[in-house]
Amino acid sequence: MSNHPTYEERTANFDWSISEKELGYKKGDPINIGWMCSDRICRMGLAGKLALIWEDYQGVQKRYSYDDIRVLSNTIAKYLVELGIQPGERVCLFMDRVPELYVGFLGILKTGAVAQPLFSAFGDESLFVRLSNARTSAIITQKKHAFKVRKIRHQLPDLRHIIVVDAGEAALQERELSFQMENTPGVEDFPVYPTTSESPSVLHYTSGTTGQPKGAQHVHNSLISQYLTAKWVLDLHPDDIYWCNADPGWVTGTSYGIIGPWVNGITQVVLDSGFNAEAWYKFIARHRVTVWYSAPTAIRLLMKEGKELTRKYDLSCLRHLCSVGEPLNAEAVHWSQEVFGKPFHDTFWQTETGCIVITNLPGMPIKPGSMGRPFPGITASVLNPVTFEPINQNGVAGLIALRPGWPSQVRGYWNNELVYQAKFRNGWYLCGDRATIDSDGYFWFVGRDDDVINTGGHLVGPFEIESALLEHPAVAESAAVAKPDPVNMEVVKAFVTLKPGYQPSDDLELEIMNHIRKRLSPLAMPQEIEFIDSLPKTRSGKIVRRVLRSKEFNEPLGDLSTIMND
Amino acid sequence: MDDLTKLVRDYVVREYIEEGDDREVTETTPLISGGIVDSFSMVSLKRFLEKKCGIQIPDADATPVAFDTVQSIVALVRRFQKS
């Protein structure tokens, strides 16, 4: 029998003040995520407790106590303040999963500046779009990524400082500074900026159907949701060893790869390595990981490597498993039950929600393939796409919508109020996904409600890919759509028409694929390019991605009356 | 270093190691687990191998382990060249 409260017990009389009370926070008081995740934990008598065990792919290991995290984040904060970084300015973190990324995140927040984490595999174009939009003042990066910044810095007049954490003896260039965290004298006391609940904290970029990526602006109040969802959904206990696979370049990597475990005073482990099933199992066994937050793509890759591999290692330490990023298929739930003796619990949320909003709480019966039920304090429904009224019939698909007002709700898109307002209809926030609800109140994912491509749990916007495709000298017109994929759920497929003088070929396909990979990111790289004579368009000349996508998914093409025939 | 090994290594260096990145790629450098090539980028590497070597690598064989070093990639290519 489970010792966990039932779903009904959790939701009865729920109020977010539960979280505020446990955190010792009173409304109106200053609240700073950087301080709450380090200094506060030390004051609770946990200064000597391990906060982070970090390991790279070669097995090099570093360990940091909560007091180390407190002092090192103070050190980074002081360094930034001495450079003239002011509260509210954006400071980008552009690094692999090295300790400076995790500690730097808290350091930036302690100054009152806004942390802008970006995925280190982004190419120079993706980086430029996000830094120029945010008018970022400083970027903290590694030597191996600094060259991408060098390519674009002349177009970024607001970027005053390029801070390289491992420059060593390497020659620095214009605006570049060397900062070595471990070799800088530790700062014992730093006057943490008294941010309040609505002070901006983190700016995560997310993709939409139209236009360039949008900066989702979060505030320090997000901590209230992140603390309790981490504690209840991830079921974190004081003696847990927690591993979150997500990179802090994405929202899971900050909400539950930094804030969630550390505000709960948990020891977390980080593996700075690409995917390798055996290395992952060894890592779990070596560190006796008890709680694991992973993603369906990773789980399906593990499934591909077979059950035998899991039997080579003692994985009995695993107590609770969760998954995020895309719908978790029923086979993956059954597989984990068989090989780990426990199921993965699916969780649903997105950059804009800041925290898990629909989930399988521990103690809830799991229906494999279902997203679960709304987290206590979250009012969720599915809406009719025309009237934006809740659909009160079980099993009928509608738009997933949330009643605004939970603590970590995004407060806006950076410099893009119009697009932000368009996310709200009839008093509901629209997630951009479709689902059904069954008679027990469980949500079942149906698909996206727009052209955004969910590949390996990451959202990729077609507009960004199409813009980059057009930069290739051979490409006349392009359309990027989702294509079903057994591992990544969806991958990018591009349809391309060529300029006169160019002929389709394998060489050209490979060249275009690599062009997108380098300009944007590996996630955005089309896994397939189809050369065609013309793209389907409306009479006004707008490319109709819907038709191309429907063909990939073997779905009905819908109304074609507005499509122009060439 | 034989021709095939050189072909694979040179392609990896040219396409995945960017200017200013001083990492050295040997036959045993971990590419996937070392973060040089990710699972998405494997697709373009697989296409390159299939085209240059005149083989077809089934998706089931294109695993992160098989693509983790120049050495393992060469072994994979040779397996399909023989078959």
In region A:404-423, residue most open to solvent (accessible area, probe 1.4 Å) [restricted to those that are of a type outside the set (Gly, Ala, Ser) and more than 28 Å from A:Ser17 (Cβ to Cβ)]: A:Leu418
Qualifying residue in region A:351-365 (condition: modelled with pLDDT under 95 and crowded, with 17+ Cβ neighbours inside 10 Å): yes
Residues satisfying the stated conditions in region B:6-35, i.e. at the interface with chain A (Cβ under 8 Å from one of its Cβ atoms), in contact (Cβ under 8 Å) with a residue 24 or more places away in the chain and within 20 Å of A:Val149 (Cα to Cα): B:Glu15
Qualifying residues in region A:424-444 (those that are charged (D, E, K, R) and closer than 15 Å to A:Gly398 by Cα) - the one surrounded by the fewest Cβ atoms within 10 Å (Cβ to Cβ): A:Asp438
Residue ranges of strands (runs of 3 or more DSSP E) in region A:167-221 with at least 2 members over 26 Å from A:Pro407 (Cβ atoms): A:176-178
Only one of A:Ile366, A:Ile378 that is touching a Phe, Trp or Tyr at 6+ places or on another chain (Cβ under 8 Å), in contact (Cβ under 8 Å) with a residue 12 or more places away in the chain and within 23 Å of A:Leu236 (Cβ to Cβ): A:Ile378
Filter result for B:Gln81 (more than 11 Å from the chain's Cα centre (by Cα), open to solvent by 50 Å² or more (accessible area, probe 1.4 Å) and within 23 Å of A:Pro526 (Cα to Cα)): no
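Okay, residues lined up against (1) under 21 Å from A:Pro522 (Cα atoms); (2) of a type in the set (Phe, Trp, Tyr); (3) within 14 Å of chain B (Cβ to nearest Cβ); (4) surrounded by 17 or more Cβ atoms within 10 Å (Cβ to Cβ):
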position: A:Ser467; (1), (2), (3), (4): yes, no, no, yes
position: A:His472; (1), (2), (3), (4): yes, no, no, yes
position: A:Lys483; (1), (2), (3), (4): yes, no, yes, yes
position: A:Val496; (1), (2), (3), (4): yes, no, no, yes
position: A:Tyr502; (1), (2), (3), (4): no, yes, no, no
position: A:Ser505; (1), (2), (3), (4): no, no, yes, no
Failed criterion for A:Lys143 (all others in (1) more than 14 Å from every other protein chain (Cβ to nearest Cβ); (2) surrounded by fewer than 24 Cβ atoms within 10 Å (Cβ to Cβ) hold): (1)
Whichever residue in region A:512-557 is more than 10 Å from chain B (Cβ to nearest Cβ), of a type in the set (Asp, Glu) and not in a loop (DSSP other than H, G, I, E, B) and, among such residues, is least open to solvent (accessible area, probe 1.4 Å): A:Glu552
Residue in region B:1-40 that is nearest to A:Lys483 (Cα to Cα), counting only those that are touching an Asp or Glu at 6+ places or on another chain (Cβ under 7 Å) and open to solvent by less than 20 Å² (accessible area, probe 1.4 Å): B:Ile32
Number of positions in region A:441-465 that are more than 20 Å from the chain's Cα centre (by Cα) and without any contact (Cβ under 8 Å) to a residue 60 or more places away in the chain: 1
Conditions (1) touching a helix residue (DSSP H, G or I) at 6+ places or on another chain (Cβ under 8 Å); (2) without any contact (Cβ under 8 Å) to a residue 60 or more places away in the chain; (3) more than 13 Å from chain B (Cβ to nearest Cβ); number of the one not met by A:Val324: (2)
Matching residues in region B:43-69 - criterion: being facing chain A (nearest Cβ under 9 Å) and either closer than 21 Å to A:Glu511 by Cβ or not in a helix (DSSP H, G or I) (or both): B:Val43, B:Ser44, B:Arg47, B:Phe48, B:Glu50, B:Lys51, B:Thr63, B:Pro64, B:Val65, B:Asp68
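The values are calculated or read from the model by the stated rules, or taken from the named source; none is laboratory data. Because the structure is a prediction, the values reported are computed rather than measured. No Cβ is skipped: glycine too gets one built from the backbone with ideal geometry, and neighbour counts run over all protein chains shown. Protein only, heavy atoms only, side chains kept; ligands, DNA and RNA dropped before computing areas. Shrake-Rupley method; radii C 1.70, N 1.55, O 1.52, S 1.80 Å.
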